[in-house]
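Read the structure below first, then the notes.
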Ligand code: ATP
């Protein structure tokens, strides 16, 4: 079994889509290992998106992810990292396939509802960052 970090972003919380999105992960068979409502600070956003902080799209992305509470989670299951990314769909909601979370529910490449770790290394880093190294 594999563990992955998933963030349900502020747009999803504001739109009342937490239950819908969580339901998709649960229905797929993934386990919920950790789940917490978190107000993300600018400092945490900078660490989480360390690879993007210099990009042109980062300042509005930082504004967005700190604009309200998010749901931070650790999900587990067989190939959970890849499975979550398949369920999430392509980054840009306008291009994401119908049937995916973004494809069905998002129309933006910034406000795209969810984040999922993209590799085992990212998952380990992000679980430690969000939930603490001793708990990962
Ligand atoms: P995530 O890491 O959130 O699962 P991803 O791996 O599909 O998404 P990345 O390329 O890592 O996408 O981008 C991280 C986040 O930055 C995206 O989820 C999106 O919110 C934002 N983002 C990426 N590209 C753009 C862009 N061109 N314009 C605006 N926001 C963007």
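What the table shows:
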read-out	value
Point-to-point label distance, residue 108-residue 76, nm (Cα→Cβ direction, 7 Å offset)	3.4
Simple spin-label estimate for residue 35 and residue 129 in nanometres, 7 Å along Cα-Cβ	2.3
At 1.306 mPa s and 10 °C, Stokes diffusion of the range 34-85 via Kirkwood alpha-carbon radius, µm² per second	128
The range 1-133: relative contact order in percent, alpha carbon pairs under 8 Å with at least 6 residues between	37
Sum of -39500 (n - 2.57) over DSSP H runs of 4+, divided by residues of the chain (222 nm, nearest 500)	-11500 deg cm²/dmol
Residue order, fewest to most beta carbons within 10 Å, for 4, 100, 41, 91	41, 91, 100, 4
Prolate/oblate/rounded call for the chain, Cα gyration tensor, a/c under 1.5 rounded	rounded
Relative exposure of 9, 14, judged by other C-beta atoms within 10 Å (fewest first)	14, 9
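None of the figures in this text is laboratory data; all of them are computed from the coordinates on show. Predicted, not measured: the structure shown is a model, and the values here were computed from it. Please note: Cβ atoms are built from the backbone with ideal geometry, for glycine as well, and neighbour counts cover all protein chains shown.
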